[in-house]
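Readers should treat all values here as calculations from the given coordinates under stated rules, not as data from a laboratory. This is a predicted model, so every value here is computed, not measured. Here Cβ is always computed from backbone atoms with ideal geometry, including for glycine, and neighbour counts include all displayed protein chains.
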Amino acid sequence: MMEQKLREEQERRRKKEMEERMSLEETREVLWGAMGLYRALQGAMACYRGAMGHTMGHHLALRGSPGGHSRAGPLLAADRAKQMFGPPVITV
């Protein structure tokens, strides 16, 4: 009777250890997969940033220098105020 209980206890311990190992293995696999995805995303971001930098430089070259518009600065500020607050309302 005691031997059987000892065997059952040992079997439970082995089973628990196996489950823990499997859980650790699964966790490690998930982490490795996530790290691979992270590296792939970093590479894609670097390519995207490089392409955007090239494209933005091209657009700026076509458009000319910033601030090279023909309107005066105070007019732009007045236009912004109109957009933010709308036309004045006159009440009688």
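Can you compute the FRET efficiency between Arg39 and Glu19 using 1/(1 + (r/R0)^6), with r the Cβ-Cβ distance and R0 = 25 Å? Round to the nearest 0.05. Spell out each step's value before the answer.
Numbers: r = 31 Å, r/R0 = 1.23.
After rounding, the FRET efficiency stands at 0.25.
Return the ratio Rg/(2.2 N^0.38 Å) for region 1-54, where Rg is computed over Cα atoms only. Walk me through the intermediate numbers first.
Numbers: Rg = 23.3 Å, N = 54, 2.2 N^0.38 = 10.0 Å.
The value comes to 2.33.
Multiplying the sequence separation of Arg12 and Trp32 by 0.36 nm and subtracting their Cα-Cα distance, what value in nm do you get? Can you show the working numbers first?
On the way: separation 20, 0.36 × 20 = 7.20 nm, distance 3.01 nm.
The span from Arg12 to Trp32 would gain 4.2 nm if fully extended.
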